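Data block below; observations after.
The values are calculated or read from the model by the stated rules, or taken from the named source; none is laboratory data. Please read these numbers as outputs of a predicted model, since none were measured by experiment. Here Cβ is always computed from backbone atoms with ideal geometry, including for glycine, and neighbour counts include all displayed protein chains. Side chains included, ligands, DNA and RNA excluded: accessible areas come from the protein's heavy atoms. Shrake-Rupley method; radii C 1.70, N 1.55, O 1.52, S 1.80 Å.
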Amino acid sequence: MSGGDDSWFHEKESAWLYLHVAAKETDPVRSQMFARLAAAAEHQAGKWADSHPGPALQFTPTLRARIVARLVRLIGPVRMRPVLVAMKLRGMSIYSSPATPRTTAPGHVMPTSVSQVGERHRSVSGGNLRAAVFGANDGLVSNASLILGVAAAGAPSETVLLTGVAGLLAGALSMASGEYVSVRSQREMYEYQIALEKEELLEYPGEEAEELALIYNARGLPIEEARKLAQTLLADPELALDTLAREELGLNPDDLGSPLGAAVSSFLSFAVGAVLPLAPFLVGLRDSPAIIATVAIAIVSLAGVGLAISLFTGRGAWRGAARMVLIGGGAGIASWLLGKLLGVAMG
């Protein structure tokens, strides 16, 4: 397809998916919003067709779109929100946060002036700290289990030490590379979506303003007020793109994620956790004293991780600590028993 045909097809496919979301959406206000977005996408496709004359185009949804539509029917649009965002459907931000007194459907707090746009995105979520805690927990459990399994198989302390160091490096590098690829791919997708939004804003500002107004209307703002607010917001090109990215795509342009930062953070957090059960061997302990010290450090560290996780879950601190000790301890015991069996089998 040519560039115009690609744009026509995207609008047709978006309209087709909007109708599936509207049909599944139980809230009448949100359902009406998606139906109107479908009509707007159809109108946009018509404009593309008129501006690129040629043979009549036939629309058939792609296999990906058919799978997404089926999943929307099966599990609903809320659970499919990340996929629908990736398909560049607008209005997904209404599912991104709890309902508020100024909304009739889940979504961001409704801005009533230009100065309020973006205020709700300025808080720090603590996501990096939470990821670091879970990364350290992964390193702690995996390397402690590895060390205990190898020790139980009868390997000498030097072999256990070498295995622990190898486990630390392999695990940390694997975590870092996986996180880099994941965040990089996600960032590229978001940047592509924002670039498309910028192109559409430049070419069809009126249609973009109407789509934004429909989203605000679905949140409870009267349609005429929503249109006035949308027009005011889109009068500033920089603010317009920022607003459309947040409200139509559900993205925060200021927080797309750093692939390198995510990789370094994952490497360090995993390594910190993995080095703890290895510490007794690193300071010169050997054989049973080293194993006993490893178990003690692992138990204390698991309890600390459980206490830290309770800060994010809101559950009881000691209950969280006990749960982590039981889960991590179970993994360690299983590894020890399997190592014993392997040692006996190998004679």
What whole-number value in Å² describes the accessible area per residue of the chain for a 1.4 Å probe? 51 Å²
So I have [x] 186; [y] 166; [z] 177, and one of them is volume of the Cα convex hull per residue in Å³ calculated from this model. Which one is it? [z]
Students often forget the sequence filter, so: which lysines lie under 19 Å Cα-Cα from Lys198 once same-chain residues fewer than 8 apart are removed? Lys47, Lys88
Could you state the angle between the C-alpha long axis of helix 28-51 and the longest principal axis of the C-alpha atoms of the chain, as a value from 0 to 90 degrees rounded to the nearest 10? 70 degrees
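Could you calculate the FRET efficiency of Arg64 with Arg286 from 1/(1 + (r/R0)^6), where r is the beta carbon distance between them and R0 is 45 Å, rounded to 0.05? Mind dumping the intermediate values first?
Numbers: r = 57 Å, r/R0 = 1.26.
Efficiency for this residue pair is about 0.20.
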In degrees between 0 and 90, to the nearest 10, how far off the longest principal axis of the chain does helix 157-203 point, with axes built from Cα atoms? 10 degrees
In the chain, with Lys and Arg counted as +1 and Asp and Glu as -1 at Cβ, which of these residues, Ala317, Gln58, Ala136, has the Cα nearest the positive end of the dipole, that is, farthest along it? Ala317
Using only Cα atoms, figure out Rg for segment 212-304 and give it as a multiple of 2.2 N^0.38 Å. 2.15
Carbon/sulfur fraction of accessible area - segment 281-347, other protein chains in place, 1.4 Å, %: 74 percent
Of Ser182, Ala293, Tyr18, which is farthest towards the positive pole of the chain's charge dipole, taken about the Cα centre with +1 and -1 on the beta-carbons of Lys, Arg and Asp, Glu respectively? Ala293
Taking only Cα atoms, what is the 0 to 90° angle, nearest 10, from helix 127-152's long axis to the longest principal axis of the chain? 30 degrees
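Helix-derived [θ] at 222 nm for the chain: sum -39500 (n - 2.57) over DSSP H runs of at least 4, divide by residue count, nearest 500? Write out the running numbers ahead of the final one.
On the way: 12 runs with 256 residues, N = 347.
Helix-only estimate at 222 nm: -25500 deg cm²/dmol.
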Quick one: putting +1 on the C-beta of Lys and Arg, -1 on the C-beta of Asp and Glu, what dipole do you get for segment 122-254 around its Cα centre, in Debye to the nearest 20? 920 debye
What's the carbon and sulfur percent of segment 135-245's accessible surface, probe 1.4 angstrom, rounded to a whole number? 60 percent
